[in-house]
2 protein chains.
Amino acid sequence: MAKPVIRSYSRYAREAAELLGHMIRTARTERALTVADVAERAGTSRGLVHRIEKGDMGCSIGAAFEVAAIVGVRLFEAEPATLTRHLAMSRDTLSLLPKAVRAGTKAVKDDF
Amino acid sequence: MAKPVIRSYSRYAREAAELLGHMIRTARTERALTVADVAERAGTSRGLVHRIEKGDMGCSIGAAFEVAAIVGVRLFEAEPATLTRHLAMSRDTLSLLPKAVRAGTKAVKDDF
DNA sequence: ACGATATGATCTATAAATGGATCATAAATA
DNA sequence: TATTTATGATCCATTTATAGATCATATCGT
């Protein structure tokens, strides 16, 4: 009884996915790798890599990020070591935040 | 006859997903939004938002990016307008690249 | 221009993600 | 501390993503 997945995406989300796909394709091409090459390295199929490069919203974030890593796209503009460090910091930050949010603050804060 | 999805992810990909999840949770908490609130706004379920915040590799990139957009996480460190501009540029860049890669270059270029 | 090959698309069966409900626990506020 | 509520986890039914094969076309190298 699962509802169909998200029907409408925000423009921001759609463009972000498309941009990621473009970055992957650009990086792959620069490295002279074929779609099939990348797919094999990632342990996925040619079709999936293709969909990722098109910015398909349905593909898994794991597959997309893995392919990005393989062709050398820097996620969050961070090198591997940097990313690891940022992650460590974010873990600390999280531990300082409240573990649960009280909905009482009904004044929705979407002023960003 | 589909092979089980990618069995092993690279550390980089895994950490990127986890970091994104952390950023989402941090942003959500700062805006005093409940998991249920965000799920409703995204048109998804509470469980999915939860998995996204944990950095689950299996959730769709569409859902993850949508939730990120809702809580105000900047993907690729870009504001909406900036992202749109970058995307436009990337489209041009892509049109300049070769449309197909010749595997002949068997000297794999993974020196990055 | 020709031949070889990468890309893009479509189809089917299967694996996996998701929604929705439910339960237990943790955590926030009065 | 008590009470209320958010969170985290699990289960099942259903939708959806994915692999793999195949075909048509575009594109590259010669």
Given the structure, is A:Gly47 within 12 Å of DNA strand C (Cβ to nearest atom), under 23 Å from B:Asp56 (Cβ atoms) and facing chain B (nearest Cβ under 7 Å)? no
Residue pairs qualifying under the 7 Å Cβ cut-off, at least six apart or on distinct chains, with the first in the range B:30-42 being at positive phi and the second being within 12 Å of DNA strand C (Cβ to nearest atom), are B:Ala32/A:Val101; B:Ala32/A:Thr105
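Take the residues in the range A:39-53 that are under 14 Å from A:Glu66 (Cβ atoms) and among the basic types (Lys, Arg), then tell me which one is farthest from DNA strand D (Cβ to nearest atom).
Narrowing the range A:39-53 to residues under 14 Å from A:Glu66 (Cβ atoms): A:39-45, A:48-49, A:51-53.
Next cut, among the basic types (Lys, Arg) only: A:41, A:51.
On the way: A:Arg41: 12, A:Arg51: 6 Å.
Once the filter is applied, the top-ranked residue is A:Arg41.
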Can you confirm whether the range A:50-57 contains a residue that is surrounded by 14 or more Cβ atoms within 10 Å (Cβ to Cβ) and in contact (Cβ under 8 Å) with a residue 40 or more places away in the chain? yes
B:Thr34, sole failed condition from (1) crowded, with 23+ Cβ neighbours inside 10 Å; (2) within 7 Å of another protein chain (Cβ to nearest Cβ): (1)
Take the residues in the range A:73-98 that are within 15 Å of DNA strand C (Cβ to nearest atom) and of a type in the set (S, T, N, Q), then tell me which one is nearest to the other protein chains (Cβ to nearest Cβ). A:Thr93
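Counting just the residues of the range B:1-38 that are assigned to a loop (DSSP other than H, G, I, E, B) and away from DNA strand D (no atom under 12 Å from the Cβ), which one comes out farthest from B:Glu77 (Cα to Cα)?
Restricting to residues being assigned to a loop (DSSP other than H, G, I, E, B) and away from DNA strand D (no atom under 12 Å from the Cβ), the top hit is B:Ser8.
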Within the range A:58-72, residues being away from DNA strand C (no atom under 14 Å from the Cβ) and surrounded by fewer than 21 Cβ atoms within 10 Å (Cβ to Cβ) number 1
All positions within the range A:75-94 that are surrounded by 17 or more Cβ atoms within 10 Å (Cβ to Cβ) and either more than 14 Å from A:Ala17 (Cα to Cα) or near DNA strand D (Cβ under 9 Å from one of its atoms) (or both): A:Ala78, A:Leu83, A:His86, A:Leu87, A:Ser90
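Since every read-out is calculated from the coordinates, none of them should be taken as a lab result. Source: prediction; values computed, not measured. Heads up, the Cβs are rebuilt from the backbone with ideal geometry, glycines too, and the neighbour counts pull from every protein chain shown.
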